[in-house]
Amino acid sequence: MQRRHLLATAAAACAVARPLAAQQDPGDCKARHSIGDWTYDARLTGDWREDPDAHSESELRRAAHLTATLRRSTVVPGRYNGKRISDTREMKLVLVFPPGRENTPDVKFSPGGFRLETGEKVSAVELLANGIEMQISVDDTPMGTTSSIDYHLVTLEDLSEPVYRALFDAQEIRLDMTAGGDRVMSAYIDLTGIYFAIENGTGVVIDKLIRTVRKDGFCSEEPDCVMTTAAVGLLGRADDCFELTQMRRLRAQFGDAEPQVLSDYVTSSRRILGQPPTPARRAAILAFWALVVIPAAALARVGAMRAARGVYLRGFSVLRRLLA
C-alpha cells in the first residue's frame, strides 16, 4: 500500500522537475565556501564524480560547475496587485559559470519573497510565475530589460555578457522589477570588490571540491540530510528552504543520540543517489519529498519531533526498498 502511495504522485512530480533534474543530478559531488557576503558552490556531475582518480586535477577543475552568489543588496519595496509591500527580502546576484569557465557566466538574480500590507505573504516563485519585467542598470548606464525566468531566478540570457563585463568597473547594479503595471521593487546591489571576490572565491571552492574527491576517491562531503537535500535540489529550492531547515533541526535533536540510525540513513542515501538518475528514480525522490519530507517538516516546525522522526524514517524505509 505504501509503495503504491509513494508512486501515485511520481508522474506529476517528474513533470514539474524534469527541466531542473536535467541540470542537476541528485548525486552530484558538491562543495561550498563562504567569504563575507559571497557564497561559492562547486559540483562535479556525471562521469566526473564516478571515478575522480581517473582524471587529472586540471581535468577536474575544468569539469567543475561553479556558482557565485552575492548577498549585498538594498531593496526599496513598491506595490503588488495594487497593494503596498510592507516588507521584502534581499535580491541576490547569481553568477553561474559553465565547466571550463572560458565562457561568460549566466547572470541571474534571485528575488526574495515579501509581505503585503494586508499581511499576505508572496513567495518569489509565485511572483515570477505570474510574469515580471526587470530593467537592469549598471551604475547609471541602462543595460536592457528581461522577462526571462529560470524557475526561481530571473535570467539575463543575451544580456549576460555585456552586464557581466560592466560589473568589474562599476560600483552598483540597479534592478527595477515590475509586474502587472505595478513597480514591485527596486534593488541596489553593491559591487565593491567583485573582481577579487570572483577570482579568489571560485579558486578556493574548487580547491575544497578537489580535496574532497581526492580524499577517498569519491564524493564524501555530503550533508547528513542527504535525501532531503537531493529532493529540494531537483526542485531548485534554496539551501535554507523550509524543509531543509526543519530536517536539520530534527537531525540536531536525534543525530547524536542515534548515530547508527544516522549512519545507516546516510549510507543508504548514497547508495540510492549513486545509481543512474533515471526519470523514474527522480520521480520517486520527488514523491518522497511531497509525501514524507513536507509532512515531517511541518511536524518538526510545531515541535512534534518524535512524530516527525517517525514519519521520515518510515517514508525513507519505503523509498529504500524501492530504489536501493
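So the values come out like this:
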{"item": "Dipole magnitude of the stretch 90-245 about its Cα centre (Cβ charges: Lys, Arg +1; Asp, Glu -1), debye to nearest 20", "result": "320"}
{"item": "In order through the stretch 134-141: 3J(HN,Hα) via Karplus (6.51 cos²θ - 1.76 cosθ + 1.60), integer Hz, x for Gly, Pro", "result": "10, 9, 10, 10, 9, 6, 9, 9"}
{"item": "Whole-percent carbon and sulfur share, accessible surface of the stretch 235-311, 1.4 Å", "result": "57"}
{"item": "Under 20 Å from the THR267 label point (7 Å along Cα→beta-carbon), backbone N, the stretch 297-313", "result": "313"}
{"item": "Note, ³J(HN,Hα) from phi for the stretch 305-318, Karplus 6.51, -1.76, 1.60, rounded to Hz, x at Gly and Pro", "result": "5, 5, 5, 4, 4, x, 4, 5, 5, 5, x, 5, 4, 5"}
{"item": "Rounded percent of accessible protein surface that carbon and sulfur make up, the stretch 91-186, 1.4 Å probe", "result": "41"}
{"item": "Residues whose placed amide H lies under 5 Å from that of CYS29, excluding near-sequence neighbours", "result": "LEU44"}
{"item": "Integer Hz, Karplus 6.51/-1.76/1.60 couplings in order for the stretch 75-84, x for Gly and Pro", "result": "10, 9, x, x, 9, 9, 6, x, 10, 6"}
{"item": "For the stretch 78-172: Kirkwood Rh in Å [reciprocal of mean 1/r, alpha carbons]", "result": "14.6"}
{"item": "Solvent-accessible area per residue for the stretch 124-275 (1.4 angstrom probe, square angstrom)", "result": "47"}
{"item": "Within straight-line cross-link reach of LYS121, lysines at Cα separation under 17 Å, skipping those fewer than 8 residues along the same chain", "result": "LYS83"}
{"item": "Nearest-20 debye value, the stretch 79-148 charge dipole, Cβ charges on Lys, Arg, Asp, Glu", "result": "260"}
{"item": "Distance-filtered residues of the stretch 160-176 - backbone nitrogen under 14 Å, label point 7 angstrom along THR74 Cα→Cβ", "result": "171-175"}
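The values are calculated or read from the model by the stated rules, or taken from the named source; none is laboratory data. All values derive from a computational prediction rather than experimental measurement. Cβ coordinates were reconstructed from backbone atoms using ideal geometry, including for glycine residues, and neighbour counts include every protein chain displayed. The protein model used for the area step is the full one, side chains on, heavy atoms only, and it has no ligands, DNA or RNA in it. Shrake-Rupley method; radii C 1.70, N 1.55, O 1.52, S 1.80 Å.
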